[in-house]
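What follows is a set of notes on a single structure, which appears directly below.
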Amino acid sequence: MAQIFAYILHKDGVLDDTALELRAAGATLDPEAAVTAVVTGSAGDLEKVCKEAARSFDTVWKVENDALAYPNAEVIRPLMKRLLPKNSLVLLPHEHFGMDLAPGLSVALEAAYLPDSVAFEGMEGDVLKAVREEYSGMVRTHVRCNLSTGAVITLRPGAFAPDERKDKTGEIMDKTPEVFQEGLPEVPRRYLEMVEAEAGDVDITKSEVLVSVGRGIEEQDNLEMIQELAKAMGADVSCSRPIVDAKWMEKSRQVGTSGKTVKPKVYLALGISGSFQHLGGIKGSPFMVAVNKNPKAPIFQVADVGVVADILDFVPNLTEKIAESAK
Amino acid sequence: MEILVCVKRVPDTSENEITVNRDGTDIEREDLVYSVNEWDNYAVEEAIRLRDTGGGSVTVVSLGPEETEEVIRREMAMGADKGIHLMDPVFEGSDGRGVAAALKAEVEKGNYDLVLTGAQADDGAGQVGGMLAAMLQWPFAALVNHIEMSGDGILKIGREIAGGNQEFSEIRLPCVLSIQTGINEPRYVGIRGIRKVASLEIPVHGTAELGIPPEAVGEVGAKVKRIDYFVPQLGDGAEILEGSQEEIIDKLIELLKSKGGIK
C-alpha cells in the first residue's frame with residue numbers, strides 16, 4: 001500500500017485530540033504501515049509539537065515558516081502538493097480545518113476524496129470499504145473508495161478510538177527547505193483575526209442539569225414552556241443548532257461541536273434528533289432523557305431513557321406535575 | 001457582482017422519517033417530501049443580499065433529475081435572477097468530483113465573480129465547493145458565516161470554527177465560498193412568489209452543452225461509490241417509557257429525582 005500521512009492539528013504547543021485518532025485509523029488501513037505525521041507551523045511551539053508527535057508516529061515531517069503560524073488551508077494546500085509523493089494516502093480530521101483543506105487537496109493531488117468516515121471495514125485489493133453517515137445520522141452507508149491513485153480521507157472526530165500508546169521514537173525530518181525551494185506560494189486568502197464567541201448570561205458548561213431544546217419546538221413562542229419546565233426543575237436551558245440559527249436563543253446556549261461542550265449530571269433533550277455535532281458537545285456521560293415524536297430519532301440510541309411524544313403536548317403536562325409534586 | 005449559487009434538491013429531514021428500503025440499496029423514497037438543501041437556501045439568501053447592496057446578478061444552478069426544476073424555481077422566487085438546470089442521464093451515480101466537474105464547466109460558460117455553495121448537504125459531506133474551487137484554481141473558504149465587501153476585488157469573510165468562535169480573513173475574487181447556516185435569515189417564499197416565476201425559462205445543460213466528456217462524470221468517473229444503506233446501532237438504546245402519558249410522567253419524575261435532575 002502507498003505511504004500513509006496524517007496531518008496533525010496543534011494549538012499552543014499541544015497536539016489536537018484527533019492526532020491519535022488518525023494514528024489508529026492509519027493502522028486500521030494497513031497494520032504494517034509506517035505512518036508519517038505532517039506537522040506545519042512557525043518557530044516556537046513547533047519543535048515541541050514534533051517531539052510529541054514522534055512518540056506516536058514512525059516518522060515526523062516538519063515544515064516551518066512564519067506564514068504557517070496560523071493554519072490557513074489556502075497556504076497549506078499548495079505546500080502539501082509540493083511535499084507529498086504520488087499516490088499518497090492522507091488522513092485529516094473532518095472539522096473546520098479539514099473541511100477547508102481536504103476537498104481541494106484531493107483535486108490538487110488527483111486523488112480520491114473520502115469525506116467524513118466513521119469506520120473502515122477492510123481492503124479488497126486497492127479498494128477501501130468504509131462507513132459514512134447520511135441524513136444527520138439517521139442512516140449509514142457503506143462506500144467503496146479506490147485508493148490506487150491516492151486518496152484524501154477525512155475522519156469524523158471521536159469516531160476512531162485514539163491509540164494512546166507513546167511507544168514510538170519517530171525520526172523528525174525537516175522538510176522545510178524542500179517545500180520552500182520554489183518560495184512561498186501566492187496567498188489569495190489572508191488570515192486577519194479570531195473573534196471568540198460572546199459569553200452569555202448563563203454559563204451552560206457549568207450547569208448540573210440542562211433542559212435542552214431543538215427543532216421540535218417549532219415556533220419561538222413555544223420556548224416559554226421550556227423556560228417554565230427548567231424553572232420547575234431548577235435547571236438551565238440550552239439548545240441545539242437550529243434554535244440559534246433561527247436567532248431564537250443566544251449562541252452561548254448552543255450545545256455541540258460548533259457551540260459549547262457541557263458536562264451536566266442530567267441532560268433532558270426535548271425535540272432534538274441527536275446529530276453527531278450535537279452529541280459531540282455532551283461529555284461526562286450524563287443521565288440522558290430524550291423526548292421526541294420520531295421513534296427513529298438517533299437520540300434514542302444514546303439516551304438512557306426515552307419518551308416517544310410530541311414535546312408541545314408533553315412538556316406542559318410534565319411541568320405541571322413537577323410543580324405539583326414540589327408542593 | 002455576478003454570483004452563481006449551487007443548490008441541491010434533497011429529502012427534507014425535518015418533514016420525513018428517513019428509513020432504509022427492504023434490500024438496503026437506497027432509502028425509502030416513496031412519499032418523501034423534498035426541498036432545497038437547508039445550507040443552500042442560506043447561500044441563495046446571502047447572494048440576493050449582496051446583489052441588492054452592491055449590484056450585479058444572482059444565478060441559481062442545480063444538477064439533478066427532472067424534479068430538480070422545482071427547487072431552482074423556488075430559489076428564483078426568492079429573488080434569484082436566473083436559473084440553470086444541469087441534467088443528463090450520464091450524471092447518474094456521480095461522486096462529488098463528477099458533480100464539481102459539471103459545475104466547473106458551467107462556471108466557465110459565464111462571467112462570475114463569486115460562487116456560493118451550502119457548507120454541506122443532508123445526503124453529502126461538504127465536498128463539492130472545495131473541489132470546484134480547486135478545479136477552477138480559485139481560492140476557497142469553508143463554513144462561511146459572514147461576508148462583506150472590503151475594497152476592490154476583496155471580500156472580508158468570517159468562518160465558523162470550533163466552540164462558536166469566528167475566524168476572519170480577506171479573500172480575493174473570484175472565489176468559491178461554502179455557506180454555513182445562521183449567516184442570515186432566509187426570506188419566506190409564498191405561493192404567489194412561485195407563480196410569478198412559473199413561466200420563466202430555465203435552460204437545461206447536459207454534457208454536450210457543457211463540453212465535458214461523459215466519462216468525467218457519472219458512475220464511470222466515480223472513485224467513491226455507495227454500496228448500501230443500513231441503520232446504525234450506536235448504543236444499547238434508551239429504555240422507552242410506556243403507558244399512559246400520566247404514568248410516563250410519574251415514572252420520569254421519579255427517575256429525574258433519583259438522578260438529581262429535579263432540585
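Below is a table of values for the structure above.
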{"quantity": "In segment B:1-21, residue modelled with the highest pLDDT [restricted to those that are aliphatic (A, V, I, L, M) and part of a loop (DSSP other than H, G, I, E, B)]", "calculated": "B:Met1"}
{"quantity": "Qualifying position, being closer than 30 Å to A:Thr319 by Cα, within 11 Å of another protein chain (Cβ to nearest Cβ) and in a helix (DSSP H, G or I), among B:Lys257, B:Lys263", "calculated": "B:Lys257"}
{"quantity": "Residue ranges of helices (runs of 4 or more DSSP H) in segment B:22-113 with at least 2 members within 13 Å of chain A (Cβ to nearest Cβ) and either out of contact with any Phe, Trp or Tyr (no Cβ under 7 Å at 6 or more places or on another chain) or closer than 26 Å to A:Tyr113 by Cβ (or both)", "calculated": "B:38-54, B:96-109"}
{"quantity": "Unmet criterion (only one of (1) within 16 Å of A:Val244 (Cβ to Cβ); (2) more than 9 Å from chain B (Cβ to nearest Cβ); (3) among the charged types (D, E, K, R); (4) under 26 Å from the mean Cα position of the chain (by Cα)) for A:Asp163", "calculated": "(1)"}
{"quantity": "Selection status of A:Pro242, out of contact with any strand residue (DSSP E or B) (no Cβ under 8 Å at 6 or more places or on another chain) and under 26 Å from A:Ile76 (Cβ atoms)", "calculated": "no"}
{"quantity": "Any hit, segment B:223-236, residues being among the polar types (S, T, N, Q), free of Cβ contacts under 8 Å to residues at least 12 places away in the same chain and either more than 7 Å from every other protein chain (Cβ to nearest Cβ) or out of contact with any Asp or Glu (no Cβ under 9 Å at 6 or more places or on another chain) (or both)", "calculated": "yes"}
{"quantity": "Count of segment A:2-57 residues which are touching a helix residue (DSSP H, G or I) at 6+ places or on another chain (Cβ under 8 Å) and assigned to a strand (DSSP E or B)", "calculated": "11"}
{"quantity": "Selected residue [more than 7 Å from chain A (Cβ to nearest Cβ) and either crowded, with 24+ Cβ neighbours inside 10 Å or under 28 Å from B:Arg73 (Cβ atoms) (or both)] from B:Gly118, B:Gly182", "calculated": "B:Gly118"}
{"quantity": "Hits in segment B:185-212 - residues which are surrounded by 12 or more Cβ atoms within 10 Å (Cβ to Cβ) and either in contact with a strand residue (DSSP E or B) (Cβ under 7 Å, 6 or more places away or on another chain) or more than 15 Å from B:Ile72 (Cβ to Cβ) (or both)", "calculated": "B:Pro186, B:Arg187, B:Ile202, B:Val204, B:His205, B:Gly206, B:Thr207, B:Glu209, B:Leu210, B:Ile212"}
{"quantity": "Selection within segment A:281-313 - crowded, with 16+ Cβ neighbours inside 10 Å, of a type outside the set (A, V, I, L, M) and more than 8 Å from chain B (Cβ to nearest Cβ)", "calculated": "A:Gly281, A:Pro286, A:Asn292"}
{"quantity": "Breaking point among (1) free of Cβ contacts under 8 Å to residues at least 24 places away in the same chain; (2) at the interface with chain B (Cβ under 8 Å from one of its Cβ atoms); (3) surrounded by fewer than 23 Cβ atoms within 10 Å (Cβ to Cβ), for A:Ser252", "calculated": "(1)"}
{"quantity": "Residue ID - farthest from A:Val211 (Cα to Cα), chosen from residues in segment A:264-278 that are outside any strand (DSSP E or B) and either touching a strand residue (DSSP E or B) at 6+ places or on another chain (Cβ under 8 Å) or facing chain B (nearest Cβ under 9 Å) (or both)", "calculated": "A:Phe276"}
{"quantity": "Residue, farthest from A:Gly98 (Cα to Cα), within segment A:148-157, restricted to residues that are buried (at least 24 other Cβ atoms within 10 Å of the Cβ) and at the interface with chain B (Cβ under 9 Å from one of its Cβ atoms)", "calculated": "A:Ala151"}
{"quantity": "Residue satisfying all of: in segment A:107-125; more than 7 Å from chain B (Cβ to nearest Cβ) and touching a strand residue (DSSP E or B) at 6+ places or on another chain (Cβ under 6 Å); nearest to B:Gly158 (Cα to Cα) among these", "calculated": "A:Ser117"}
{"quantity": "Test: residue in segment A:90-102 that is modelled with pLDDT of 95 or more and over 17 Å from A:Leu9 (Cβ atoms)", "calculated": "no"}
{"quantity": "Qualifying residues in segment B:124-138 (those that are at pLDDT 95 or above and farther than 16 Å from B:Val5 by Cα) - the one farthest from the other protein chains (Cβ to nearest Cβ)", "calculated": "B:Gln137"}
{"quantity": "Members of segment A:238-249 found to be outside any loop (DSSP other than H, G, I, E, B), in contact (Cβ under 8 Å) with a residue 24 or more places away in the chain and not β-branched (Val, Ile, Thr), listed by number", "calculated": "A:Ser238, A:Cys239, A:Arg241, A:Pro242"}
{"quantity": "Residues satisfying the stated conditions in segment B:13-45, i.e. among the acidic types (Asp, Glu) and over 30 Å from B:His146 (Cα atoms)", "calculated": "B:Glu17, B:Asp23, B:Asp26, B:Glu28, B:Glu30, B:Asp31"}
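The values are calculated or read from the model by the stated rules, or taken from the named source; none is laboratory data. Because the structure is predicted, anything quoted here is derived from the model rather than measured. Virtual Cβ from ideal backbone geometry, glycine too; neighbours counted across all protein chains shown.
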